[in-house]
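The values are calculated or read from the model by the stated rules, or taken from the named source; none is laboratory data. All values derive from a computational prediction rather than experimental measurement. For neighbour counting, all protein chains shown are included, and Cβ atoms are generated from backbone atoms with ideal geometry for every residue, glycine included. Areas reflect the complete protein model, heavy atoms only, side chains present, ligands, DNA and RNA absent. Shrake-Rupley method; radii C 1.70, N 1.55, O 1.52, S 1.80 Å.
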Amino acid sequence: MKVLIFGSGGREHALAWAVKRSDRVTEVVCAPGNGGIAQIARCVPVDLKDLDAMVQLAQAEQPGLTIVGPELPLSLGIVDALKMRGLRVFGPTRAAAMLESSKGFAKRFMQRHNIPSASYAVCTTADELDKAVEIFRAPIVVKADGLAAGKGVIICPSRQTAIEAGHSLFSGKHLGEAADQVILEEFLEGDEISFLCLSDGKHVAPLVPAQDHKCIGEGDTGPNTGGMGVYSTDALLDAGMTEWILRHIAEPTVSGMAAEGTPFVGVLYIGLMMTARGPQVLEFNARFGDPETQAILLRLDSDLVTALEACIDGTLDKTELRWASGAAACVVASSAGYPGSYKTGFPISGLTSASQVPNVQVFHSGSARLGGQLVTAGGRVLVAAAAAPSLEEALTRAYQAMAEIHFDGIYFRHDIGHRALKKTK
Ligand code: AMP
């Protein structure tokens, strides 16, 4: 079978790697892909903002399965468009992807279905926001409604700063584009966990849990990034808590979407805050997370393609996902300056020796091939991912691999996993 993957990051590199391990797959095409993905798949250029171009490409390639990585094509309706043309595609429809593409929709949906989440107000004008702020106690979380590539959440220490943040989202000053709706939220405290599951629209199958490090600086300090590292161990959630999250959050979300006529087929990524009053949903994503997917897929022992096809066919309840016990860890290397401005085009060396560290995979997030040489092409450049019987060992291997890799201005955090390691000591 030919598999087409839309996307260009570390997530898509990991998906291509996992898909290639399936006996049933003869060819992997990635659009547009990147320099690292090109080593294991045929990369074809496409603009992920251009729905027609993506549809034309899929029609020309006629894959047996299409997997959509990023949120933008989902929110443009790529799944609806490909299904209409008789193609098998893994991912939610545009309407179901609203769980991610509109935070206001997600909050109202959770309220309708009694899914635990922070109290909130959805505001459509600055005047409304000024009034709504009065019912919140500081700190107050202010969010833009739509997709904002991780930049749409502002934690405000006072009502006054929340008003200012809300106004800057409405005016377009903060994101460069004016928000239609701004959401105010109660500030939640606790540990964050990424709980991803597959859904076929009726049934839910959890993936192994993960915890990421969003901040650029050691000790989880400094500005937020797309993720500087992540790890997955069974110790993150015990069986009882996993069951609770499935029963009270994942299953009601999937049954609620089906009951509202927009069944959710794909990966439901639930961002959770583990608070004193129990797990609360921070956000939904309608796709695999990046870099969580790189760690999670390293622990998958069964066939990914079979599982994704079961989602399309509505037979997820008859499909078993098997996981390696132990741990997986990923360390992200970024360009100097990220998440602010940075330069690209620097040669990357040491990849061969890095990949010789046992049980390590190097996934590329932002690389390109320039005249036979791999060069940096993004803020997050690559991920050293390792699986091992323990988190300590997985981290040691990932850092061993990272020590082999070099490019001008390479930066990575040296403390990935510090929270989990502290708990086991
Ligand atoms: P979101 O895109 O909604 O997940 O928000 C991004 C990040 O902002 C989350 O991963 C949290 O670290 C933080 N955040 C979002 N909502 C809240 C909240 N209600 N309370 C505390 N932190 C939050």
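Could you look through the stretch 188-240, keep only residues that are among the β-branched types (Val, Ile, Thr) and over 20 Å from ASP317 (Cα atoms), and pick out the one that is farthest from the ligand (Cβ to nearest atom)?
THR233
Which of the residues that make up the stretch 157-185 are in contact with a strand residue (DSSP E or B) (Cβ under 7 Å, 6 or more places away or on another chain) and within 15 Å of the ligand (Cβ to nearest atom)?
Once the filter is applied, which keeps residues that are in contact with a strand residue (DSSP E or B) (Cβ under 7 Å, 6 or more places away or on another chain) and within 15 Å of the ligand (Cβ to nearest atom), the stretch 157-185 yields ALA162, ALA165, GLY166, LEU169, LEU175, ALA179, GLN181, VAL182, ILE183, LEU184, GLU185.
Report those helices (runs of 4 or more DSSP H) wholly inside the stretch 30-90 carrying at least 3 residues which are at pLDDT 95 or above and farther than 25 Å from SER367 by Cα.
Ranges flagged: 51-61, 78-84.
Can you find a residue that is under 15 Å from ILE416 (Cα atoms), out of contact with any strand residue (DSSP E or B) (no Cβ under 7 Å at 6 or more places or on another chain), open to solvent by 40 Å² or more (accessible area, probe 1.4 Å) and modelled with pLDDT under 95 anywhere in the stretch 202-217?
Checked the stretch 202-217: no residue is under 15 Å from ILE416 (Cα atoms), out of contact with any strand residue (DSSP E or B) (no Cβ under 7 Å at 6 or more places or on another chain), open to solvent by 40 Å² or more (accessible area, probe 1.4 Å) and modelled with pLDDT under 95.
Looking at the stretch 133-148, which of its residues are more than 9 Å from the ligand (Cβ to nearest atom) and under 18 Å from PHE105 (Cβ atoms)?
Scanning the stretch 133-148 gives VAL142, ALA144, ASP145, GLY146, LEU147.
Anything in the stretch 1-17 that is surrounded by fewer than 24 Cβ atoms within 10 Å (Cβ to Cβ) and not in a loop (DSSP other than H, G, I, E, B)? List them, or say none.
LYS2, TRP17
Residues to consider are PHE105, PHE109; find the one that is open to solvent by 30 Å² or more (accessible area, probe 1.4 Å), under 30 Å from LEU237 (Cα atoms) and within 15 Å of the ligand (Cβ to nearest atom).
Answer to the selection: PHE105.
Please specify each residue of the stretch 168-201 satisfying the condition of being in a loop (DSSP other than H, G, I, E, B) and surrounded by fewer than 16 Cβ atoms within 10 Å (Cβ to Cβ).
GLY172, LYS173, GLY176, GLU177, ALA178, ASP180, PHE187, GLU189, GLY190
Hey, among ALA286, ALA327, which residue is buried (at least 17 other Cβ atoms within 10 Å of the Cβ), within 16 Å of the ligand (Cβ to nearest atom) and modelled with pLDDT of 95 or more?
ALA286
State all residues of the stretch 375-409 that are within 29 Å of ALA324 (Cβ to Cβ), in a strand (DSSP E or B) and hydrophobic (A, V, I, L, M, F, W, C); if no residue qualifies, say none.
VAL381, LEU382, VAL383, ALA384, ALA385, ALA386, ALA387, ALA388
Open to solvent by 50 Å² or more (accessible area, probe 1.4 Å), touching a residue at least 40 places away in the same chain (Cβ under 8 Å), away from the ligand (no atom under 12 Å from the Cβ) and of a type in the set (Val, Ile, Thr), is that true of THR66?
So THR66 fails the test.
Right, VAL265: away from the ligand (no atom under 16 Å from the Cβ) and more than 17 Å from the chain's Cα centre (by Cα) or not?
In short, no.
Condition check: of a type in the set (D, E, K, R), under 19 Å from the mean Cα position of the chain (by Cα) and either within 14 Å of the ligand (Cβ to nearest atom) or open to solvent by 30 Å² or more (accessible area, probe 1.4 Å) (or both). Does GLU243 satisfy that?
In short, no.
Here's the yes/no breakdown for (1) open to solvent by 10 Å² or more (accessible area, probe 1.4 Å); (2) among the charged types (D, E, K, R):
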position	(1), (2)
GLN373	yes, no
VAL383	no, no
ALA386	no, no
GLU392	yes, yes
TYR399	yes, no
ALA403	yes, no
HIS406	yes, no
GLY409	yes, no
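Looking for whichever is on the phi > 0 side of the Ramachandran plot, of a type outside the set (Val, Ile, Thr) and either open to solvent by less than 10 Å² (accessible area, probe 1.4 Å) or touching a Pro at 6+ places or on another chain (Cβ under 8 Å) (or both) here; the options are GLY256, GLY278, GLY261. Which one fits?
It is GLY278.
Quick grid of which residues meet (1) farther than 23 Å from ALA403 by Cβ; (2) surrounded by 14 or more Cβ atoms within 10 Å (Cβ to Cβ); (3) at pLDDT 95 or above:
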site	(1), (2), (3)
ASP303	yes, yes, yes
GLU309	yes, yes, yes
ASP317	yes, no, yes
THR344	no, yes, yes
PRO347	no, no, yes
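Could you tell me which numbered condition VAL254 fails, if it satisfies all but one of (1) over 21 Å from the mean Cα position of the chain (by Cα); (2) of a type outside the set (Lys, Arg); (3) outside any loop (DSSP other than H, G, I, E, B)?
(1)
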